[in-house]
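Heads up: the structure comes next, in structure tokens.
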Amino acid sequence: MEAASIPTAVTAPPSTWRRQLLGFNVVLAVLLAVGGYALFHVIGAAIGKKALFMTETDQDDIATFFGLIGATLGWLLGLGFFNYPVSRILGRPASLREGEEYGAWRYFRLCTDHKVVAIQYFVAVIFFFFIAGLNAMFIRGELASDNSTFIQSGNYLTLVSLHGTMMLMMMSAGVLGPLGNYLVPLMIGSRRMAFPRVESLTLWLTVLAGFVLLGAIFLGGFPTGWTGYAPLSDQARAGMDCYIVSFSLIGIALVLVGLNIITTVMTLRAPGMTWNRLPIFVWGLVTTSILAVLAAPVLAAALYMAALDRTVTSSFFVPSAGGSPFLWDNLFWFFGHPEVYILALPGFGIVLEILPVFARKPLWGYRVAVAGMFGVALLSFMVWQHHLFVSGMNANLRPFYMFTTELISIPTGIIFLIGIGTLWRARMRFSVPMLFSLSFFFNFLIGGLTGVYLSDVPSNTTSHGSYFVMAHFHYTIMGGLVFALMGGIYYWLPKMTGFKLNETLGKIHFWTMFVFFNLTFFPLFAAGLLGMPRRVTSYDPSLHNLNVFVSVAAFCLGASMLVLLVNLVWSLWLRREPAESNPWQSKSLEWQLPTPVPAYNFERIPVINSAPYGYGVPDAPPVADFGPPLVRPGPVAAPEGGAA
Ligand code: HEM
Ligand SMILES: [Cu+2]
């Protein structure tokens, strides 16, 4: 019978909740992480005492690093990441699918179902995003006065560093993690990601990284901002070690996420899903993944060099011992600039995926859009020294970096043209995902245009290190990526969770976030041009009123994010109104599946007939052929030992 091809659950669910509580899960992971930290800290301290050079400083970075390594090992051990390799080494049978049968406990452990990992990612990213947002509220509270009031300048630097680093760490995973892991298999017609165990590993590394970064608070903080510049990093308190370890965990996670997505898209596409039928969102993720795989190892390597400088007194970045802080600047920004596009490209993917659905028109210039994304990806490796115009670089190199940076506006401009072409003469539906997507173009345009001034050497040298830069990158990252991500959340969350999101709350969220975002950050361009520097608590009293205005707007912006939280709690927890399977009438593959998506996604692997953008095209063929429905054996009808 047909039903024989439906895979069934691998093992029976464990009997009691007590057995689940005592297994390999996040509870055990926390215990072992704390224990691992303590144990390795003691070992590290013993080693550090023997090493002569450690006696010169009052803190023991060797012990801290050892502790953090121990915590990482304990964390992974507790989650069960070593079970599979150990079983294989011992020649025991190992389970390929892990934790998928555990009910609600799936979400608190290693699970190889990509849909579970995606939800875990979503919760983790939102959680840390709100913590970093809370930091921003404290920053703006302090800046409401032109003098240091409730936060001393040393602590202020830590606050800014935590805010910036946390935001960038979480937003690098912000689309790839939740939306990428959930949607890539569904959009390409696959039952899973290529490396399910690695997928889960990246999630738990990201969660750990978030907590390790917060650990810096207890170790004296760190003053370098998210850029970790030497020699400041070399002189910093032990909180710096938390920055190094957490950011390198994110680096490792990014490489693995990237490899997983690239491999999945290359090898697991359904028959007929040719490269030029691949949804544009998947292209956005593929180009992002290429950047992640190439750039993140450089970050990790540079961070480990900084760790060596802080422990065994190597001197890669220490000028007094013959090293060069400029080397750090280059290694960091060789990662740091592509990182900017690791943040932007998924945003492009989301909005270009959403526009055709709500404009009811085909995506205009699909191939050009893909070329634009690759253009951005390629150029993003050739521009990094535009961050170093005033850092003592060879002046003859400046025009080159100025030129390549300005070149990037061409492929970026292409993305805008694709958007405009798609919207041309369209009769749009202004649902919440569409509103966020449209605002993406508005905000990113402001971010992009001000970026041209920063790529230009003369204007860069005057605005460098000022609030002009601050306003610029918030327009691209928050106005761009975060707005796109919100659009993506309102668009796909009904599919992911099975519940409708409240449309009215969504609209309130959108309008307040959009208005207060612009009221917060637009005036900061002016503050920068008037000479307000970054990373200080005190500024010229003439800028006081401007800053009070900005702080009030920022608090309202923070409040607007609470509307999202209220919406999530109300819609997903309290009201729980089931979502339709295709509420937006999208042609894309994921929306053709029932809601909630069945465990194996597709009963049969579909055969793809066309790209999913044939809106308003008369007689467009169905996007995919799902074959005749399978006959499921009822519990009574199933003959003994028959099906499965
Ligand atoms: C409520 C929204 C936000 C507000 C009010 C806000 C405010 C600020 C302020 C005032 C600073 C500069 C502090 C200083 O230099 O003295 C800052 C820095 C920064 N923010 Fe935000 N921010 C917000 C959201 C975000 C988001 C969503 C991201 C990224 C996803 C982000 C990334 C950064 C980064 C990377 C820095 C630089 C930190 C450094 O100097 O190393 N921010 N933010
Ligand atoms: Cu850059």
In vacuo Debye sum over C-alpha of the chain, base-10 log of normalised intensity I(q)/I(0) at q = 0.07, 0.08, 0.09 Å⁻¹, listed in q order, is -0.46, -0.61, -0.77
Lys and Arg at +1, Asp and Glu at -1: neighbours of LEU388 with Cβ under 12 Å from its Cβ sum to 0
Residues whose built amide H sits under 5 Å from the amide H of PHE499, excluding neighbours closer than 5 in sequence, are ALA579
With +1 at each Lys and Arg Cβ and -1 at each Asp and Glu Cβ, the charge dipole magnitude of the chain around its Cα centre, to the nearest 20 debye, comes out at 1280 debye
With the charge dipole of the chain built from beta-carbon charges (+1 for Lys and Arg, -1 for Asp and Glu) about the Cα centre, the Cα from LEU546, GLY215, VAL27 projecting farthest to the positive end belongs to VAL27
In nanometres, the difference between 0.36 nm per residue of separation and the alpha-carbon distance of CYS556 and PHE374 is 61.8 nm
Computed ³J(HN,Hα) along region 313-322: with the Karplus parameters 6.51/-1.76/1.60, θ = phi - 60°, integer Hz and x for glycine or proline, the list is 6, 5, 9, 4, 10, 9, x, 5, 10, x
Calc'd 3J(HN,Hα), region 595-603, phi into Karplus 6.51 cos²θ - 1.76 cosθ + 1.60 (θ = phi - 60°), Hz, glycine/Pro = x, comes to 10, x, 5, x, 3, 9, 6, 10, 5
Rounded to a whole number, the Stokes-Einstein D of region 121-227 in µm²/s (Kirkwood radius over Cα pairs; 10 °C; 1.306 mPa s) is 103 µm²/s
Among the Cα-Cα pairs of region 313-397, the proportion with separation greater than 18 Å, in percent, is 59 percent
Computed, not fitted: 222 nm per-residue ellipticity of the chain from DSSP H runs ≥ 4 (each -39500 (n - 2.57)), nearest 500, equal to -20000 deg cm²/dmol
Descending packing, highest mean Cβ count within 10 Å first, for 197-206, 574-583 is 197-206, 574-583
One computes Rg over Rh for region 492-644 from alpha-carbon atoms, with the Kirkwood Rh, and obtains 1.23
Charge dipole of the chain built from unit charges on the beta carbon (Lys, Arg +1; Asp, Glu -1), centred at mean Cα; most positive-end Cα among THR520, ALA194, SER153 is ALA194
Rounded to a whole number, the Stokes-Einstein D of region 33-138 in µm²/s (Kirkwood radius over Cα pairs; 4 °C; 1.567 mPa s) is 76 µm²/s
Rh (Kirkwood, all Cα-Cα pairs) for region 20-94, Å, reads 13.6 Å
From the Cα centre of region 188-231 to that of region 69-84, the distance in Å is 15 Å
Per the C-alpha gyration tensor (a ≥ b ≥ c, the square roots of its eigenvalues), region 161-209 is rounded if a/c is under 1.5, else prolate if a/b beats b/c, else oblate; here it's oblate
On the formula 1/(1 + (r/R0)^6), with r taken between the Cβ atoms of LEU214 and ARG535 and R0 of 30 Å, the FRET efficiency rounded to 0.05 is 0.90
If each part is reduced to its alpha-carbon centroid, region 121-168 and region 481-529 end up apart, in Å, by 20 Å
Cα pairs beyond 17 Å in region 469-558, in percent, come to 57 percent
Semi-axes (Å, rounded, descending) of the ellipsoid equivalent to region 279-350 per its C-alpha gyration tensor are 33, 10, 7
For the TYR84, ARG367 Cβ pair and Förster radius 35 Å, calculated FRET efficiency rounded to 0.05 is 0.25
Sequence order, region 198-215: Karplus ³J(HN,Hα) from phi using 6.51 cos²θ - 1.76 cosθ + 1.60, θ = phi - 60°, Hz rounded, Gly and Pro as x, gives 5, 4, 5, 4, 4, 4, 6, 5, 5, 4, 4, 4, x, 6, 4, 4, 5, x
Expressed in Å to one decimal, the Kirkwood Rh of region 337-439 from all distinct alpha-carbon pairs is 15.0 Å
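No lab work stands behind these numbers, since they all come straight from the coordinates. The model shown is predicted, which means the values in this text are computed figures rather than measured ones. Heads up, the Cβs are rebuilt from the backbone with ideal geometry, glycines too, and the neighbour counts pull from every protein chain shown.
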